[in-house]
Structures are given as C-alpha cells and as structure tokens.
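What follows is a single structure, written as structure tokens, with notes after it.
The values are calculated or read from the model by the stated rules, or taken from the named source; none is laboratory data. A quick note: this is a predicted structure, and the numbers were derived from the prediction, not measured. Positions of Cβ are backbone-derived with ideal geometry, glycine not excepted, and every protein chain shown enters the neighbour counts. All accessible areas refer to the heavy atoms of the entire protein, side chains included, with ligands and DNA or RNA removed. Shrake-Rupley method; radii C 1.70, N 1.55, O 1.52, S 1.80 Å.
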Amino acid sequence: MLNVPSQSFPAPRSQQRVASGGRSKVPLKQGRSLMDWIRLTKSGKDLTGLKGRLIEVTEEELKKHNKKDDCWICIRGFVYNVSPYMEYHPGGEDELMRAAGSDGTELFDQVHRWVNYESMLKECLVGRMAIKPAVLKGMLPKSQVTDTLAKEGPSYPSYDWFQTNSLVTIAIYTKQKDINLDSIIVDHQDDSFRAETIIKDFLYLIHIGLSHEVQEDFSVRVVESVGKIEIVLKKKENTSWDFLGHPLENHNSLIPRKDAEDTYMKNSYIRKNINQRRETFIFTFSPNVVGLYYRKCQLISKENVTHDTRLFCLMLPPSTHLQVPIGQHVYLKLPITGTEIVKPYTPVSGSLLSEFKEPVLPNNKYIYFLIKIYHTGLFTPELDRLQIGDFVSVSSPEGNFKISKFQELEDLFLLAAGTGFTPMVKILNYALTDIPSLRKVKLMFFNKTEDDIIWRSQLEKLAFKDKRLDVEFVLSAPVSEWNGKQGHISPALLSEFLKRNLDKSKVLVCICGPVPFTEQGVRLLQDLNFSKNEIHSFTA
Ligand code: FAD
Ligand code: NAP
C-alpha cells in the first residue's frame, strides 16, 4: 500500500508537485491520491450515473452539465462525467471547471497531453459526441494514396514514393535544411505505418495502412543539404505495388507541437499562410495537437548506479526508428493495477565516456534511463519490478531545448540536483565533443549525501581527462568528514561558481532538479544578470 503521509499533500518537495509546465498543484484532501482514485474506479461504483450505458451526447446536452456536482467534459470526441474525479484532480476543481459543459481538448492538451485520461477516466465515460470531434476534421477521405499527394507548394512538406522489385522508398521533402536523423520518427506496427517529421514547431505526419506487407526492419536516410528524408522498406514479396496504401488518421497533416503551441498561436504569419493555402494543397493542417504515440520497448538490462538509482536499458522494436534529441524527455507508460500510468523521463547515454562500457550497443536501437526508485512512489516501484525481457511503452520525445543554443558557445554552466542530472548527461557528451568554440564547462551537482551522487567516478574521470570540465559536488546532508561544498543553491554558491571565462563570452546556464530548486535557481541567475537567453531550465 502507498505510504501516504497525513498532513500536507503533496509534501512540499514531493514529486506530486512536479506539475506540467510548472503549474502549481493544489493540496488534496486525505484519501484523494491517485491510488485512491484507482481504487474507486475499481470498486464497481456507478461513476457516470448512467448504470453502464453509453450515450450519444449532443452539444446542447453537454452544455447543460456545467456544475461541480454535474460536470461533463468532452476530450477528443468522448464525453466524461468528471464530477466524481473533482476531488482527486491534482490541478484542482477550478481547473477542471474551466472546461465544464464544453470541449476541453485544447485545455487538456495545453496542460497535460501526456496524461492517459482514457484509462484514468474510463469509468466516467458517458459516451461519444454526436457531432464529429474537431480532431477528425483533418482526415482525408478513405481512398488510395498515390504519388499525386506529393504535388504540393514550395514551402510545405510533402512526400512521394517509388519502388524497385524488392524495395519501396518513401521520400519526405521537408523543405528545411536543419533536418537530421533526430527529426524523424518511424513506426511500423501491424497495418499502420507512421512517420513523424519534426519541422521547426510542427510535426508532419505520414500515416498509412500499407497496401502490401513489408519486412520488420527498414532504413532511414537524411539528405541534409536538401532536407529530404528517405525511408526504405523491404517488400515481403517482390511484386509491383499499384498504390502505397490508404490514409489513416491525420495522414499528411502538419500539426503544431505541444512545446511550440505558444509560438504557433503567436505566429499569425504561418497560420495565415496555411489557412490561405489549405484548400489548394492536399495536405491538411490539424489545429489540434495529437496525443503522443507510444511503442512497446523491451527491458534489456538494469544496473544499480547508486543505492536507489538504476540505469535501465530499453530496446526499441525493430520496426521503429527513434532518436531522442538532446535535452528532450519521453514518457514511460505502465499499467498499474489496471490503469495506465505515465511519467516523464530523460534519456541519457549509456555512460559519460563510451570507453567506460564495452561493448557499446548501437545508439539507435537502445534507450538508456537513469531512474531513481522511490519506494513509496507510484510508478518507479512498478518499473523496478520489471524483469529483463518485459515491456514498457515509450512515447515520442518532447521538450523545448534547442541544440542551436550551443552555437558559438564558450562557457557552459550546468546546475543539477538529484536526478535533475539526467538532461546534463547528453549535454555534457555533446558539448565536449561537438562544440569547438567551448572553453569551459562547469557542473555544480547538488545531492543529499555522497551516496546519492550519480556517476561520481565517471564525472571525476571525465574532468580529469578533459581539462575544460570542472565538477563541484554540493551536499545538503553530508557526513562530518565531507570537506567539499555544503548546503543548498544560494547566491553565495552561484556567484562564486558562475564566473565567465572572458567578460563577454557567450554563455549558457542549464538548470534541472526539483521544481522549487529550479525556480529558485532561475531567480538567482536573473539576480546575477544572466539574461533569459542565457538560461535554460528543464521542466515538464
Ligand atoms: P511519486 O508517486 O510521484 O512519489 C514520489 C515521492 O513523493 C515519493 O517519495 C512519495 O513517497 C512522495 N509522495 C507520493 N505521494 C505522496 C503524498 N500523498 N504525500 C506526500 N508525499 C507523497 N526521474 C528520474 O529518476 N529520471 C529521469 O530521467 C527523470 N526525468 C524527468 C523528466 C521530466 C521532464 C520530469 C518532469 C520529471 C522527470 N523525472 C525523472 C521524475 C519522474 O517523472 C517521476 O516524477 C519520478 O520517477 C517519481 O515517480 P513515482 O510515481 O515513482 O513517484
Ligand atoms: P533530491 O535527492 O530530493 O534532492 C537533490 C538535492 O536538491 C538535495 O541536496 C536537496 O536538498 C536539494 N533540494 C531539494 N529541494 C530543494 C529546494 N526546494 N531548494 C533547494 N534545494 C533543494 O532530488 P531527487 O529526488 O533526485 O529529485 C530530482 C527532481 O528532479 C525530481 O523532482 C524530478 O522530477 C526532477 N527532474 C526533472 C527533470 C526535467 O527535465 N524537468 C529531469 C529529471 C529530474 P535536501 O536534502 O534539503 O532535500
């Protein structure tokens, strides 16, 4: 059973306060935790008041249910009676009431697109909207997909396909130069072929039911100079295909990315252009952010890193191409007592120096995570119980860190607390190997005790090997023999640590840890005259 402390919930520093987009969570009454909600949904109680019936809901009907004790909300075309959930909602009743009696899809996507509401609220399902939900507007009529779809305007993505006896190549023309292998995610599962291309603040989605069978593995190539991506599929039978397949949901759509929603809303130029051309071009523009896509990955290894933190290695399915960009996170999803729970995690490299670990597995099929197990937590104990060979679902990446921040960078400062170290791993690897302008990297790593320091000896070896790197450990609860720095993030610690190499050097400070740590750190950095552009804080 979850050991739920009785007073303030969530505890001031609990993970439960880690809210998406830095939202504050409200204190919930005792007995109203996520686990309590799961128990209620399993109790057999009629939570909709409809005795198990599902109904078609008209807009007029939906509008009537707009009170706290009778509150219906539509999310992606499905209507839920959320009144029984009110007291369990970490964001509070008022946040739910903002969508009372209406379509809450947009609001939901802004705040927590990753929350698996279908599973969490399945006992609250009233039925479907009688009118088709907005997300389906962008769907093309079910027809054959042919190469005619490729005939689009000069500045919009498009695709084409061609074949040989044994291969089918799908070519995506992004019309952007800064495309690389991180920019494309391909999944081929059962009958569905999906290719998501990240083009600036948008996702361009190809989603097709292929007309013929193909083999599991495929290759992906990027021609950076012209922004072309080629996905080469191997036919199962060497026959000629008359057409590629039929379009599935949101096929050939340009979709704003969640992290870019603000930019999208402000960017009237793009919207205007897309709106003007929407009728002319065959691709569709979906105003809704689609839910994150998950694929099942297999647990390959699990290794203790500290007394409570483990290095998990997951293998992607052979029919997936996915590389998580530096500074981005994914969501892991597991069923917990019948309800699907998701939590965000930041992939790391297998080690700080590849020579520390032999043999090195190929980067593109394995994803590593450093995850702290909270014995009284909801998700991590379940994750820790997985056996080698078990599966866990992994979402597509999310996050607003841009690698362009490293251009011409001279001084890089990293402030990490606890597992807030995770985004720093790939940043360190990348900065020390790929940024020629870099003069100095300084990591200040805050932990409770020496035993909590993740990869301490690797960090020390790396700093020894590369003189540009300095590492400073700060402990909040050290033993009396500790002769290093102690305490919490403070003006004194930061002003001494954050010395620019040169007066005007180009600098970036990255900060990640418990939300209050990060928020305080950002305030201190601003007090020390670092500009917004010079600070990147990692949040959900
Ligand atoms: P939770 O159930 O959230 O509990 C965590 C702690 O809060 C426990 O100590 C628990 O006892 C306490 N608690 C729970 N309920 C209560 C209550 N009612 N009252 C008081 N205390 C309570 N973590 C990593 O380890 N590695 C990563 O790479 C990583 N990346 C992340 C990336 C992002 C963008 C974000 C936002 C978070 C990341 N995290 C990462 C944190 C991770 O998402 C989870 O929050 C963490 O694993 C805890 O999940 P849990 O369900 O096991 O614990
Ligand atoms: P922890 O061990 O509890 O804390 C690490 C250090 O930070 C300790 O020295 C701790 O001091 C200090 N600290 C905690 N809260 C503080 C505060 N309010 N002000 C100043 N110092 C504070 O950390 P953890 O359990 O590993 O948790 C790591 C956090 O990072 C989680 O909240 C996780 O969600 C977050 N995270 C975020 C991302 C992201 O990308 N957004 C990625 C990874 C992790 P005390 O001894 O006083 O507690």
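Sorted largest first by accessible area at a 1.4 angstrom probe radius, with every protein chain in place, the residues Ser495, Ser351 fall in the order Ser495, Ser351.
Model label sites at Arg468 and Asp390, defined 7 Å from Cα along the beta-carbon direction, differ in position by 4.1 nm. A simple count of charges around Asn165, restricted to other residues whose Cβ falls under 14 Å of its Cβ and scoring Lys, Arg +1 and Asp, Glu -1, yields +2. Straightening the chain between Arg39 and Asn364 buys 113.1 nm, computed as 0.36 nm per residue apart minus the Cα-Cα spacing. Solvent-accessible surface of the range 427-539, taken per residue with a 1.4 Å probe and all protein chains present: 53 Å².
Residue ranges 166-172, 428-434 sort as 166-172, 428-434 when ordered by packing (mean number of other C-beta atoms within 10 Å per residue, highest first).
The distance between label points at His375 and Ser480 comes to 2.7 nm (points 7 Å beyond Cα on the Cα→Cβ vector). Here the calculated FRET efficiency for Asp451 and Met315, from their Cβ-Cβ distance with R0 = 30 Å, stands at 0.50, rounded to the nearest 0.05.
Here the Karplus curve 6.51 cos²θ - 1.76 cosθ + 1.60, taken at θ = phi - 60°, turns the phi angles of the range 315-326 into couplings of 9, 6, x, x, 8, 10, 10, 8, 10, 7, x, 3 Hz, with x standing for Gly and Pro.
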